[in-house]
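A.B. asks: Below are the structure tokens for one structure; questions will follow.
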Amino acid sequence: MRSTCLKSLLRLSVLLAGAPLAASAMQMNTCDDQLLLSGDVERGDYYEIKKRLSAHPEIGVVVLRNSRGGDAESGYDVGEYFRDKGISTYLSGYCLSSCSRMFLGGKERFFTDDFPLGKSNVGFHSNYNNAGNIMPGAQWKLSHFIQQYSDGKADPALVERWVNIPNHNGFARFYHPTALHRRDGVSMLMCNGSEGNRQWELCEKISDHDALSMGIITSLDIKHSCDADAIHARESSSSSASNGSEPGQ
């Protein structure tokens, strides 16, 4: 009887060891030498992304598209993994919260013209629990991550501000520095989370820093995702949901 129980426990432990730690939630597709990631971030995404990249060693670019973030630890883990592997990251649409950490992990980081550049942005804030409160110790961990993965370019005072935004709807938003064609040259916003879709009207405009000077991107070059033509065809035939207000002048 004892032997049978031990065998059953062994079989159970083997099954549990081989089981995934969490289900992945991001949509993942490949085309050419690119891995396309979109949607919410869950803990299991880190393991699935590693599996996809291992199965496709030709991939050198990860496209991060229209993600509002999600699991904080996955953002850190995936960002670190991208840097270790020398993967470049492309911004396609918006990439917020934990997605921004994935983006910052890219060895080289670029905007794409998949969606209108007036709406395309990467957004940083703190780490929050389910109640919407900043998690203990989150500021220190996040600020150090940003300093390291921006290659030491991020302004510490601005980073300190955004890792302490109390409202989880608030973000430091970075747009392409030259594509907006604003007369004041502003391409970075500091938003407290109460602005809704009136961000360019109500958020604080940061005039002396941008995505390039802060190390969020490594070049002003605008890239093309491998499925950009299909996106442009869809966008031209139907109006897209807005993510933030237009930049205006």
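The values are calculated or read from the model by the stated rules, or taken from the named source; none is laboratory data. Note that this is a predicted model, so its numbers are computed, not measured. Note: ideal-geometry Cβ built from the backbone for every residue, glycine included; neighbour counts use all protein chains shown.
A.B. asks: Answer yes or no: is there a residue in region 171-179 that is within 30 Å of L35 (Cβ to Cβ), of a type in the set (A, V, I, L, M), under 17 Å from the mean Cα position of the chain (by Cα) and part of a helix (DSSP H, G or I).
C.D. replies: Scanning region 171-179, I find no residue that is within 30 Å of L35 (Cβ to Cβ), of a type in the set (A, V, I, L, M), under 17 Å from the mean Cα position of the chain (by Cα) and part of a helix (DSSP H, G or I), so the answer is no.
A.B. asks: Looking at (1) within 21 Å of C99 (Cβ to Cβ); (2) of a type in the set (S, T, Y); (3) modelled with pLDDT of 95 or more, which one does S213 not meet, given that it meets all the others?
C.D. replies: (1)
Residues are listed down the side, and each one gets a yes or a no for (1) closer than 19 Å to C95 by Cβ; (2) of a type in the set (G, A, S); (3) crowded, with 18+ Cβ neighbours inside 10 Å:
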position: L158; (1), (2), (3): yes, no, yes
position: W162; (1), (2), (3): yes, no, yes
position: Y175; (1), (2), (3): yes, no, yes
position: A179; (1), (2), (3): yes, yes, no
position: G185; (1), (2), (3): no, yes, no
position: G196; (1), (2), (3): no, yes, no
position: D208; (1), (2), (3): no, no, no
position: L212; (1), (2), (3): yes, no, yes
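A.B. asks: Inspect region 54-69 for any residue being farther than 26 Å from I222 by Cα, at pLDDT below 95 and small (G, A, S) and give the result as yes or no. Outline the logic, then answer.
C.D. replies: Here is the first cut: in region 54-69, the ones farther than 26 Å from I222 by Cα are 54-55.
Going one step further and asking which of them are at pLDDT below 95, we end up with none.
No, every residue in region 54-69 fails to be farther than 26 Å from I222 by Cα, at pLDDT below 95 and small (G, A, S).
A.B. asks: Consider K205 against the criteria (1) outside any strand (DSSP E or B); (2) in contact (Cβ under 8 Å) with a residue 12 or more places away in the chain; (3) over 18 Å from F103 (Cβ atoms): it satisfies all of them except one. Which criterion is unmet?
C.D. replies: With (1) outside any strand (DSSP E or B); (2) in contact (Cβ under 8 Å) with a residue 12 or more places away in the chain; (3) over 18 Å from F103 (Cβ atoms) applied to K205, the lone miss is (1).
A.B. asks: Okay, next question. Would you point out which residue out of G137, G196 is of a type outside the set (F, W, Y) and farther than 17 Å from R68 by Cα?
C.D. replies: G137
A.B. asks: Just to be sure I understand, how many residues within region 193-218 are touching a strand residue (DSSP E or B) at 6+ places or on another chain (Cβ under 6 Å) and among the hydroxyl-bearing types (S, T, Y)?
C.D. replies: 1
A.B. asks: Give me a count of the residues in region 71-87 that are surrounded by 20 or more Cβ atoms within 10 Å (Cβ to Cβ), small (G, A, S) and over 26 Å from N129 (Cα atoms). Spell out the reasoning first.
C.D. replies: Initially, region 71-87 is screened for residues surrounded by 20 or more Cβ atoms within 10 Å (Cβ to Cβ), giving 71-72, 74-79, 82, 87.
If we keep only those that are small (G, A, S) as well, we get 72, 74-75, 79.
Remaining after also requiring over 26 Å from N129 (Cα atoms): none.
Selection size over region 71-87: 0.
A.B. asks: I've got another one for you. Tell me, which strands (runs of 3 or more DSSP E) wholly within region 61-151 include 2 or more residues that are within 25 Å of H224 (Cβ to Cβ), without any contact (Cβ under 8 Å) to a residue 40 or more places away in the chain and touching a helix residue (DSSP H, G or I) at 6+ places or on another chain (Cβ under 7 Å)?
C.D. replies: Once the strands (runs of 3 or more DSSP E) in region 61-151 are filtered for at least 2 residues that are within 25 Å of H224 (Cβ to Cβ), without any contact (Cβ under 8 Å) to a residue 40 or more places away in the chain and touching a helix residue (DSSP H, G or I) at 6+ places or on another chain (Cβ under 7 Å), what remains is 88-96.
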